[in-house]
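Worksheet for the structure shown next.
Bear in mind that the values in this text are calculations on the coordinates, not laboratory data. Please read all numbers here as calculations on a predicted model, not as lab measurements. Cβ placement follows ideal geometry from the backbone for every residue including glycine, while neighbour counts extend to all protein chains displayed.
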Amino acid sequence: MDARTPQVGWGIVPLKEASEMLGRRGCWSWLLAALIALKVVSAPVSADEFYIPPGSLAESRPGDVLRWREASAGPPAARELADAWQLMYRSTDARGEPVAVTATVLVPRRGDQTEMPVIGMGPGTQGPAFRCAASRMIDQGAFYEQAAVNDMLERGYAVAITDYEGYRPDPAVTYMVGRSMGAALTDAVRAAQRLEAVHLSEEAPVIFRGYSQGGGAAMWAGQMQPDYAPDLELAGVAAGGVPANLANVALPLDGEPGFGVMLHALVGQDHAYPELSLASFLNAQGASAVEEMEQRMCVLELLQAFAGESLDSFTESSPLTAERLQRIEENRLGQRTIHVPVFQYHEEQDGLVAFDQARALRDQYCAQGVELTWRAHDTEGENGIIRHINLVYRGNAGVNDFIEARLAGEPPSSDCY
């Protein structure tokens, strides 16, 4: 096979076409990682029994480890830095019910495990198919945020990376449902601290961090922590590209290059709240598209396959019912405060996660008295999608500085005024 034409599950994606869609400058590391991921993980996925939830969770607490196994920390550089485990743990879904979630825990090979800080990392959008789970991507050496992971491992931090709810052989991913994401990230940290294969302390300082979907998860975890996980020694929250208000993020993507993300979010809501019944609104084309998306597509395929599409093409009538809009409102960030220092950053010309709604969240937190450091970036990409992707990497230095300052006990800075 021509090395320039990677094979993916739903067809051939020429590298030239992918690069033209995403742009030629500033995103090559992400693009190549994504293409490698599609190449590596495109084979049919077997029903890995590890990811199948147990029959009952009645006797478990949030964060309890249900099963675990050794895994790879990523590509060779990561494997030299850390040992890794995949684990399944008990968490809580958007309705407050027990749910099993999977994650990867990475622990540096050097240093005293009992004194290591624990970073709970919410990954950015991976895609709806089971093969896209962050734990599978990490194990295959194809996780597009591996650079940030390596930075943390080199600094001596243990890292817990949740897959979020629903990654299993019959996927039912609750994409962009805040209460589910926040609990999954929080309980990944708890599970890391309880994993018997390592000796992380339950009194270790904890940081929540993430970008894009992961930024939303980190903020949700921060908001939920006082009531949901008062046992955690939370020291800070670092979040970039935050989708704070889905009405102002997903709905404007209708007919735009990022429509696949909007469709993914609608399906994710249905998995969290089945009564929304997206299927009852879909036409035959829409039903086929959703099935294909959930069974085969990761994030790059999602963006490419649905670029410029709209709901009108896939539905008989609008699924944006009052009940759905109410669920969107319930999952809006900023309705509760965060009691630890926050570092928030965003691309000014972001084409996937609107800048204005993130700035509004910043203003809301500031009004609540949050000690918040705000950074607006101009990454000079060719289009809004490229700019969003660029900040996956260019924002990492600021996050590292924030984490180091929080763990060193330095007084937090704030840009609120």
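Miscellaneous remarks
- Burial ordering of Tyr345, Tyr417, Tyr89, fewest other beta-carbon atoms within 10 Å first: Tyr417, Tyr345, Tyr89
- Taking 11 Å as the cut-off, no amide N atom of the range 165-195 comes nearer than this to a point 7 Å along the Cα-to-beta-carbon line of Ala247.
- Contour excess over end-to-end distance, with Cα ends at Ser201 and Glu382 and 0.36 nm allotted per residue: 60.6 nm
- Summarised in one figure, the compactness ratio Rg/Rh of the chain, Cα atoms and Kirkwood Rh, is 0.93.
- Only the Cβ atoms of Lys and Arg (+1) and of Asp and Glu (-1) were treated as charged; on that basis the dipole of the chain about its Cα centre amounts to roughly 500 debye.
- Extended-chain gain in nm, criterion 0.36 nm per residue less alpha-carbon gap, Ser414 and Glu59: 123.5 nm
- Residues Met137, Met297, arranged from fewest to most other Cβ atoms within 10 angstrom of their Cβ, appear as Met297, Met137.
- Efficiency of FRET from Cβ geometry, Glu80 and Asp231, R₀ 56 Å, rounded to 0.05: 0.95
- Note that the range 315-322 has calculated 3J(HN,Hα) couplings of 10, 7, 8, 5, x, 7, 6, 4 Hz, one per residue in order, obtained from phi through the Karplus relation 6.51 cos²θ - 1.76 cosθ + 1.60 (θ = phi - 60°); glycine and proline are x.
- As a proxy for reagent exposure, ranking Ser277, Ser317 by other Cβ atoms within 10 Å from fewest up yields Ser317, Ser277.
- Computed FRET value (nearest 0.05) for Asp170 with Ala284, which takes r as the C-beta separation and R₀ as 22 Å: 0.50
- Local charge for Ala71 was computed over the other residues whose Cβ lies under 14 Å away, with Lys and Arg +1 and Asp and Glu -1, and equals -1.
- Taking 0.36 nm per residue of sequence separation and removing the Cα-Cα distance, the Leu320/Glu291 pair yields an extension gain of 8.4 nm.
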